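Just below is one structure, and these are the notes that go with it.
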Amino acid sequence: MRKAEWTYLPRVTRPVFIQVVDDLTIAIPERERNRRADTFTNVLQNPNVALICLVPGMNETMRINGTASLTTEPSLLASMTHDGHEPPLAMLVHVEEAFIHCGKAQRRGRLWDVDAQIDRSTYPKMGEVMHDHGRYEDVTRERMAEVAQWDYDNNMYPTDVD
């Protein structure tokens, strides 16, 4: 498949947030403050999705390809309640293909090795990258970095940790 045929779905709350509905369907909850509802518009326009599932500490990843739909089915949403927060919506992924990728690249790159982590100050901040990509022309690079940092500090799911 060409990249343009797939929907970008940045979703994460914490490890093990995907719920298995049946042998060919998984559900991904929309969490409070996730603020990525724009991807739901993408799903409505193009239901083809491709997911890469990372599990902290594991080198292997799982690839899931399929089609997505949205649901507000009450019993499913209730079953996805976490820390007293029921998601308002969930994305169902109808799995057409699922397979494991070997972990050689993650092992070579020492992805989970704390001693291999970079000095974060050597790379631009998220807001600076967003600014440089031209999405926010009326805002300075420094202001965009401040806004992105504010969003990280104030709009994380309530039980997430820094």
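Things worth noting here:
- Karplus-based coupling profile of the stretch 144-153, in residue order and whole Hz: 5, 5, 5, 5, 5, 5, 4, 4, 4, 6, with θ = phi - 60° in 6.51 cos²θ - 1.76 cosθ + 1.60 and x standing for Gly or Pro.
- Available extension along the chain between TRP150 and GLN117 is 9.5 nm, counting 0.36 nm per residue and deducting the alpha carbon span.
- Each peptide in 79-91, 52-64 was scored by the mean count of other Cβ atoms within 10 Å over its residues; highest first, the order is 79-91, 52-64.
- Each peptide in 19-29, 117-127 receives the mean, over its residues, of other Cβ atoms within 10 Å, and ordering these scores from highest gives 19-29, 117-127.
We did not get these values from a lab; they are worked out from the coordinates using the rules stated. This structure is a prediction, so every number in the text was calculated from the model and none was measured. Neighbour counts run over all protein chains shown; Cβ positions are idealised from the backbone, glycine included.
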